[in-house]
1. Go through segment 379-396 and give me each residue that's touching a residue at least 12 places away in the same chain (Cβ under 8 Å) and open to solvent by 20 Å² or more (accessible area, probe 1.4 Å).
2. Going by what's in this entry, would residue 140 be described as open to solvent by 20 Å² or more (accessible area, probe 1.4 Å) and under 26 Å from residue 394 (Cα atoms)?
3. Evaluate the following for residue 467: is it within 13 Å of the ligand (Cβ to nearest atom) and not hydroxyl-bearing (Ser, Thr, Tyr)?
4. Let me confirm something: among 32, 7, 47, which residue is open to solvent by 30 Å² or more (accessible area, probe 1.4 Å) and assigned to a strand (DSSP E or B)?
5. Kindly indicate whether residue 81 is at pLDDT 90 or above and part of a loop (DSSP other than H, G, I, E, B).
6. Do any residues in segment 401-421 that are on the phi > 0 side of the Ramachandran plot have Cβ atoms under 8 Å from those of residues that are surrounded by fewer than 24 Cβ atoms within 10 Å (Cβ to Cβ) and of a type outside the set (Asp, Glu), where the two are at least six apart or on different chains, and which pairs are they?
7. Quick one: would you say residue 312 is away from the ligand (no atom under 16 Å from the Cβ) and crowded, with 17+ Cβ neighbours inside 10 Å?
8. Hey, can you tell me all the residues within segment 258-287 that are farther than 24 Å from residue 316 by Cβ, in contact (Cβ under 8 Å) with a residue 24 or more places away in the chain and either within 16 Å of the ligand (Cβ to nearest atom) or not in a helix (DSSP H, G or I) (or both)?
Amino acid sequence: MCGIVGYAGEQTSKDVLDVLLDGLSGLEYRGYDSAGVAVANSSLDVYKREGDLSTLEESLPEQPPNGFAGIGHTRWSTHGPPSDANAHPHTDCDDRIAVAHNGIIDNDQELRDALEADGHVFESETDTEVIPHLVESAIDQGADVETAFRRAIDRLEGSYAVIAVRSGSEALYAARHHSPLIIGIDGDDYYLASDVSAFLGYTEDVIYLEDGQFATVRPAGVEVTDERGALVETSVETVDWDPEDAGKSGYDHYMLKEIHEQPHALRECLRGRPQGLENAVLLEAVADVTEPKRVHFVACGTSYHASLYGARLVRERGIPATAFLASEYDSDVIPIDGDTLVVGVTQSGETADTMSALRDANGAGGTTLTVTNVVGSSAARESDHVMYIRAGPEIGVAATKTFASQQIALAMLSSALTDDCSQEFVDALRALPDQVQSVLDDSRARAIAGEYVDSDAYFFIGRGYCAPVAREGALKMKEITYKHAEGFPAGELKHGPLALVTDRTPVFAVVNRESNPEKMIGNVKEVESRGAPVIAVTDTPEAVRNHADHVLGVPDTHWRFTPVLANVQLQLASYWVANRLGRSIDKPRNLAKSVTVE
Ligand code: M6R
């Protein structure tokens, strides 16, 4: 996920570039593929590089000039691959205005077309670059820089935290909408950042900007205004975080932070894709893919569970589809031809087993599509088509928000591939981010998990669309608690696993009112009568309450999306068991975030 920092201070107090580089290093934990800074003095010095901070530092002149103010950025690519040109900050035609931006501008193409028609020349593929040109255009029409900045922001649609700086000026101009931006204050020194980890070494006094607010920051002070330009009274708060913890935004673990980032991740994944009015899902990735005769999903671990869910969706819409474990995929025994769409689902885009399956499919003449989180990853580069899930960087080894984003990405893919979409489906998709938020806000998983920390093993059952999420619940539980856990379609219980069920093996039952609830309740009774504690995760509490020790509710949604919500409860349950056991949650033993060996 991108990170922003800005600094405007007394000119005698600190070296602007040093403060910016410090800030960027505080943002590194978010993950990034390029970095850059712009320092304003009588002109504007911009340094930016693809790669990590050390690459940027090596590119700096031996004695870079100090300045009046500056901005910096760590970029996680969305529009255009990682490159020096696509790195922020971006500038206008005359290099007078530099801008750093987090978020996505939905109407960038329209703005770019208009600006190009007016003679503006673009140097990058990013959506961000429209901003400095919009500011430039307003200045050329006679506006002062502050007004020009406001006019530029007013034309943006999408999400943004933006900071701009102008040559010859000691001011920073900032605005936010659906992307965080915080002002740090230390006497006459002011900082701006997307999260406090960028300036915690300097100050703990902050002002949190709200959506729709603008700020002008100078060594002489800060002015915050609302959308109409009226002054806003702000309060300075103290952040009582250890700088060490700031990377986790106050959460004890990245995993918990990433679980809580899911509403945002889902919004990003959905942005610009479901089209309510036309009852359609627009996916550039498959715009020129003709409807395949069959779809093969290839993936590992959590991504395989998302694929099981995706394959069911595609099958239901009439195209034969199968999810394969990538390590078991072999074109010698699985027929592939030009009518076969092979979808590699991989958060990292680097998993060796998945890469190998995709290469096998390419070699056998299949059409390949990668669904991934990482722009420019190997899988993205080597496939015929690519769809990004836009979940932002995931640092915890346990996949959480990327799984949620994969699920809805595949739901959209199933719809786009088959042109099968209803208003109900689109509305339900769009409601998911808020519904995930409500699960996070109201979950009782922590208290319930506390009761079962000493259990011998954990079972997870579900039917239909809820079976993949039962498997995923078990994977999460085993990888971070180091306890035995198994997840399977509930009908399989009586064919073996029931022998292991005792009063020391809690069973998490995902019950969806549309996926055979009567049979599911029959399965719940099977384990109940063996003394197993039952935790029902359900959209239909009344149906199951009499047979469950606990109910973890999820809001009503389109029945295909119940597992997306149920999974959040399962993630939290695993997290809190592991937390009580004092496990190394973010880096479980023996596991790696990106598995690059077969
Ligand atoms: O990067 P990928 O999605 O290809 O990774 C595949 C698996 O290694 C991964 O999903 C793994 O199972 C999870 N980290 C488990 O939480």
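The values are calculated or read from the model by the stated rules, or taken from the named source; none is laboratory data. Nothing here was measured: the structure is a model prediction, and the numbers come from that model. With ideal geometry, Cβ positions are generated from the backbone for all residues, glycine too; neighbour counts draw on all protein chains shown. Calculation scope for accessible area: heavy atoms of the full protein, side chains included, ligands and nucleic acids excluded. Shrake-Rupley method; radii C 1.70, N 1.55, O 1.52, S 1.80 Å.
1. Pass one, segment 379-396, residues touching a residue at least 12 places away in the same chain (Cβ under 8 Å): 379-380, 382-396.
Residues satisfying the conditions are 382, 384, 385, 386, 388, 390, 395.
2. Working: open to solvent by 20 Å² or more (accessible area, probe 1.4 Å): yes; under 26 Å from residue 394 (Cα atoms): no.
No; evaluated as a whole, the condition is false for this residue.
3. Values: within 13 Å of the ligand (Cβ to nearest atom): no; not hydroxyl-bearing (Ser, Thr, Tyr): yes.
Against the criterion (within 13 Å of the ligand (Cβ to nearest atom) and not hydroxyl-bearing (Ser, Thr, Tyr)), residue 467 does not qualify.
4. Numbers: 32 fails: assigned to a strand (DSSP E or B); 7 fails: open to solvent by 30 Å² or more (accessible area, probe 1.4 Å).
None of the others qualify; the one that does is 47.
5. Values: at pLDDT 90 or above: no; part of a loop (DSSP other than H, G, I, E, B): yes.
So residue 81 does not fit the description; no.
6. Short answer, once both residue conditions are applied: 419/280.
7. On the way: away from the ligand (no atom under 16 Å from the Cβ): yes; crowded, with 17+ Cβ neighbours inside 10 Å: yes.
So residue 312 passes the test.
8. 258, 259, 261, 262, 265, 271, 272
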